[in-house]
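Notes to accompany the following structure.
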Amino acid sequence: MVLSLTDEFRRIRRLRHDDVPQLMIWDNDPALFHLTGKKFAHDEDETQWWNQLIRDRSRLMFAIVNDDGQLIGDVELQQILWRAREAEIRISIGDKAFWAQGFGSEALQEMLYAAFQLLSLERVYLRVRLDNGRAIRAYEKVGFRAVARLTATGRLSGFPDLQLMEVTRARYAPLSKRA
Ligand SMILES: CC(C)(COP(=O)(O)OP(=O)(O)OC[C@H]1O[C@@H](n2cnc3c(N)ncnc32)[C@H](O)[C@@H]1OP(=O)(O)O)[C@@H](O)C(=O)NCCC(=O)NCCS
């Protein structure tokens, strides 16, 4: 599903079909997918994936761009439950040259603005590896708080523990120009 952003956003824009090949390249980077998991199945057809994405009412995906408008990553609301007014957020800056310079937290702030102010959601949550300190710090900066520790059991035994974090409309740190 494509959300038409009515406001001016600096760090995110709607994902385009021609962004997908770069996302597929980043998706195969082990340094990334061990933190994020994989978005694409092995040998997935790009156009088929895009056509599914734009029809899926439970997902909204955006490109993250640098100051020159160049694609550096993506941020997504997924598992959107419109009646329950909640969604899971997922983010990945694929271009590592842009890590830890504030781009991620800016993109998160803009995505949360869209979630809470434009889409009227009440709660956004995420799962993050406990050893991913940079991501946890970025999430805390925009208002996320840890609510539970998820320990892998059963067939997932051996996978790293995750932190469940959430932010509500009342708690998120709004963009200063819109505060
Ligand atoms: C997670 C991610 C989106 C964060 O975006 P970012 O632009 O790198 O983060 P920001 O610069 O906005 O904030 C990072 C914060 O963590 C701090 N930080 C950096 N490395 C850190 C580390 N190893 N441990 C703890 N904090 C760290 C930074 O100093 C900064 O905090 P500050 O502004 O208070 O100084 C980005 O790094 C990324 O895509 N990483 C790879 C994929 C990933 O981990 N995705 C999340 C999966 S849940």
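The values are calculated or read from the model by the stated rules, or taken from the named source; none is laboratory data. Quick caveat, the model's predicted, so the values are computed rather than measured. Cβ sites come from the backbone with ideal geometry, for glycine too, and all protein chains shown count toward neighbours.
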For residue 174, which of the numbered conditions (1) buried (at least 18 other Cβ atoms within 10 Å of the Cβ); (2) away from the ligand (no atom under 13 Å from the Cβ); (3) closer than 15 Å to residue 9 by Cα fails to hold?
(1)
Pick out, from the stretch 18-129, the strands (runs of 3 or more DSSP E) lying fully within it that include 1 or more residues that are touching a helix residue (DSSP H, G or I) at 6+ places or on another chain (Cβ under 7 Å) and among the polar types (S, T, N, Q).
86-93
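Residue by residue, here is whether (1) at pLDDT 95 or above; (2) out of contact with any strand residue (DSSP E or B) (no Cβ under 8 Å at 6 or more places or on another chain); (3) more than 17 Å from residue 93 (Cα to Cα) holds:
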site	(1), (2), (3)
4	no, no, yes
23	yes, no, no
34	no, yes, no
37	no, yes, no
42	no, yes, yes
54	yes, yes, yes
57	yes, no, yes
63	yes, no, no
Take the residues in the stretch 152-161 that are loosely packed, with under 12 Cβ neighbours inside 10 Å and assigned to a loop (DSSP other than H, G, I, E, B), then tell me which one is nearest to the chain's Cα centre (by Cα).
161
Identity of the residue in the stretch 110-149, within 9 Å of the ligand (Cβ to nearest atom) and touching a residue at least 60 places away in the same chain (Cβ under 8 Å), that ends up nearest to residue 38 (Cα to Cα):
129
